[in-house]
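Before I ask anything, let me first share the structure, which is written out below as structure tokens.
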Amino acid sequence: MTAFAQIIIIGTGFGGLCMAHKLKEAGYDDILILEKAHEVGGTWRENTYPGAECDIPSALYSYSFAQNPTWDYKWAKQPQIFKYLKDFATDYDLRRHIRFGVSVQGATWMENISNWTIQTDQGELSCRFLISGVGQLHHPKWPNIPGRESFKGDTFHSAQWDHDFDLTGKRVGVIGVGASAIQFIPEIAQQAKKLTIYQRTPNWVIDKGDRPYSRIEKWIAKRFPALANLYRFGLWFQGEFIIYPIIKGAPLRAALARARNRSDMNKHISDPKLRKILTPDYPIGAKRILFSDKYYEALARDNVELVTEPIKEINATGIKTTNNNFAHDVIIYATGFYSNPFLKELDIQGRNKATLVDHWQNGAFAYLGVMTAGFPNLFFLYGPNTNTGHTSIIFKLEQEVGYIIKLIRGAENGTVEVGPEAEHAFSEEMQTRLSKLAWAKIDESWYKDGDKIPNNWPGSSLEFKKRLKTPIWDHFETT
Ligand code: NAP
């Protein structure tokens with residue numbers, strides 16, 4: 001017989017763990033969490049490249065109900081965030097709910113019994129409510145560059161770092177200059193004999209102003225949680241009222257941010273030619289604004305070269321651009337993730353065996369990011385139109401978790417499903433609003449799928465919180 005749990009959650013990142021804890025707090029205990037790996041942590045388990053750290057200030061990058069007063073740095077490093085999640089799973093008694101080493105392949109809605117059957121590499125399971133906590137940035141993206149397979153040296157992706165490969169004294173090529181690359185480039189620049197960075201599009205980069213927290217600061221945060229909360233509120237406020245207006249295109253805020261970028265760049269880089277190729281020609285905020293104290297400094301090193309000529313091919317010895325050949329011992333792909341199609345690795349079949357892949361063939365959408373019509377009792381954490389460019393995603397995950405629990409309660413162990421009209425109206429609203437923001441001003445980014453922006457939320461995080469406070473039951477059907 002298929003093993004049954006009332007609620008199955010896929011993934012043990014920030015979303016899945018928060019969901020499980022809050023469900024337990026709400027009185028649910030028949031919860032199973034499926035995790036393909038052998039430890040919790042999601043993105044913070046997977047991304048271990050040198051220099052991996054958060055680009056949201058640490059004080060804001062934790063659950064509101066489990067704040068960590070002892071972050072070592074203003075911007076937490078990957079090992080400490082990973083530890084935070086491992087400790088959370090242990091301290092909140094979540095481990096007994098987790099089945100490690102189980103990879104979910106698909107799920108099918110069983111109309112006759114109103115359950116989901118989950119297909120995994122370890123056999124079938126079933127549940128009444130299914131919650132995806134797999135996130136948006138899960139599958140490393142390898143670029144389609146001719147000859148990629150012919151390279152004879154070592155090759156790896158930033159999200160699958162080969163820690164056994166010693167970069168010391170090597171000729172290293174890095175493709176990509178996004179959020180991941182700018183964190184590891186300063187680290188590996190110190191080891192490589194020659195580091196060649198291939199930049200297709202420059203990014204707007206601003207100094208982080210990182211530093212370790214002093215013992216006294218940690219003591220204050222621990223001893224006076226109200227002060228720590230106030231500090232956290234200040235960080236949230238900055239994102240909401242300083243960075244979000246940039247994405248909305250507020251001219252003064254955008255001009256100030258560009259000036260800040262120029263001043264930070266000029267501090268580290270004196271070569272006018274290098275400054276020019278590092279300066280984006282698209283509106284600030286159209287891609288994620290990057291934060292680093294070390295990136296520009298690394299680019300000014302003698303052993304580092306920034307190449308902007310388009311890559312033509314990869315061959316046995318290295319990379320060929322329009323006019324040059326570069327020999328490498330290793331090529332590191334910092335080329336991001338497949339963010340669309342959403343949940344592309346999962347074969348999910350809803351009512352009448354309709355697949356999620358077909359349902360979302362023109363770009364993913366979901367009512368408030370958490371439910372889509374035709375797929376009863378299926379919920380998404382960090383789903384379509386919930387990503388943000390200005391604040392901590394954990395803030396929003398907590399709102400989603402609270403909302404999903406209300407929907408599960410409303411279903412009274414039957415079913416809950418969003419109505420197609422409400423979902424359609426919501427999706428139209430999203431795309432109309434998104435089309436006016438900075439994200440729409442460039443042709444391509446991981447936020448976009450063709451002309452649509454299926455990943456991002458157009459509003460403030462405060463608006464998100466308000467809209468997810470109470471379900472509008474007219475928008476749902478329960479049985
Ligand atoms: P990304 O931002 O998508 O950057 C990918 C880079 O690879 C871009 O520079 C892109 O150039 C380049 N690229 C892709 N295909 C290429 C090709 N065929 N030829 C040349 N260049 C190519 O990926 P990411 O840096 O991994 O970051 C993804 C997201 O992960 C971030 O936006 C952020 O949300 C998250 N992240 C967060 C943190 C954190 O601190 N919390 C850290 C790392 C990542 P184009 O720009 O021209 O496409």
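Which ³J(HN,Hα) values in Hz, rounded to whole numbers, follow from the phi angles of the range 181-196 under the Karplus curve 6.51 cos²θ - 1.76 cosθ + 1.60, where θ = phi - 60° and Gly and Pro get x?
Whole-Hz 3J(HN,Hα) from phi for the range 181-196: 4, 5, 7, 8, 4, x, 6, 7, 4, 6, 9, 5, 6, 9, 10, 10.
If the cut-off is a Cα-Cα distance under 20 Å, which aspartates and glutamates reach LYS294, setting aside same-chain residues fewer than 8 apart in sequence?
Result set, ordered by chain and number: GLU53, ASP55, ASP72, GLU187, ASP207, ASP210, ASP264, ASP271, ASP302, GLU305.
Quickly work out the ASP72-to-LYS273 label distance, labels modelled 7 Å from Cα along the C-beta direction, and quote it in nm with one decimal.
Label at LYS273, label at ASP72, 4.0 nm between them.
Can you give me the angle between helix 14-25 and the longest principal axis of the chain, using Cα atoms only, in degrees from 0 to 90, rounded to the nearest 10?
The answer is roughly 30 degrees.
So, one more: Based on other C-beta atoms within 10 Å, arrange MET265, MET19, MET110 from fewest to most.
Details: MET265 20, MET19 28, MET110 13.
Ordered by Cβ neighbours within 10 Å, fewest first: MET110, MET265, MET19.
Gap in Å between the Cα centre of the range 64-91 and the Cα centre of the range 198-273?
Answer, in whole Å: 20.
In Å and whole numbers, how far do the C-alpha atoms of the range 323-406 stretch along each principal axis, longest first?
Extents along the principal axes, in whole Å: 57, 34, 20.
Something else about it: Using Cβ counts within 10 Å as a stand-in for footprinting exposure, how do THR391, THR478, THR321, THR120 rank, fewest first?
Going from sparsest to densest Cβ surroundings: THR478, THR321, THR120, THR391.
Provide the gained length on full extension for the span THR168 to LEU252, in nm with one decimal, where the gain is 0.36 nm per separating residue minus the Cα-Cα distance.
25.8 nm
Tell me, what is the FRET efficiency for LEU227 and ARG200 to the nearest 0.05, using R0 = 56 angstrom and their Cβ-Cβ distance as r?
The value I calculate is 0.80.
Another question about this same structure. Which value results when the Cα radius of gyration for the range 1-153 is divided by 2.2 N^0.38 Å?
1.21
Further question: Can you tell me the 0 to 90 degree angle between the C-alpha axis of helix 78-91 and the longest principal axis of the chain, rounded to 10?
Helix 78-91 sits roughly 20 degrees off the main axis of the chain.
With each label point set 7 Å from Cα along the Cα-Cβ vector, what nm distance links ASN352 and GLU444?
If labels sit at ASN352 and GLU444, their model points lie 3.6 nm apart.
Going through the cross-link list LYS194/LYS267; LYS193/LYS320; LYS273/LYS344; LYS276/LYS396; LYS86/LYS208, which pairs have a Cα-Cα distance over 30 Å in this structure?
Beyond 30 Å: LYS273/LYS344; LYS276/LYS396.
What angle do you read, to the nearest 10 degrees and between 0 and 90, between the alpha-carbon axis of helix 393-411 and the longest principal axis of the chain?
10
Follow-up question, since we're still on this one. If the viscosity is 0.692 mPa s and the temperature 37 °C, what translational diffusion coefficient in µm²/s does Stokes-Einstein give for the chain when Rh comes from Kirkwood over Cα pairs?
139
Which residues in the range 182-200 have a backbone N closer than 17 Å to a point placed 7 Å from the Cα of ALA327 along the Cα-to-Cβ line?
Hits in the range 182-200 for ALA327 at 17 Å: 193-196.
Just to be sure I understand the model, the point goes 7 Å from the Cα along the line to the Cβ. What's the resulting GLU111 to ARG433 distance in nm?
For the pair GLU111/ARG433, the computed spacing is 3.5 nm.
Give the Rg (one decimal place) followed by the Dmax (whole number) of the range 422-479, computed from C-alpha coordinates and expressed in Å.
13.6, 44
Mind sorting VAL304, VAL370 by how few other Cβ atoms lie within 10 Å of their own Cβ, fewest first?
Listing VAL304, VAL370 from fewest to most nearby Cβ atoms yields VAL304, VAL370.
FYI, it's all coordinate maths here, none of it is from the lab. Note that the structure is a prediction, hence the values are computed from the model and not measured. All Cβ positions, glycine included, derive from the backbone under ideal geometry; neighbour counts span all protein chains shown.
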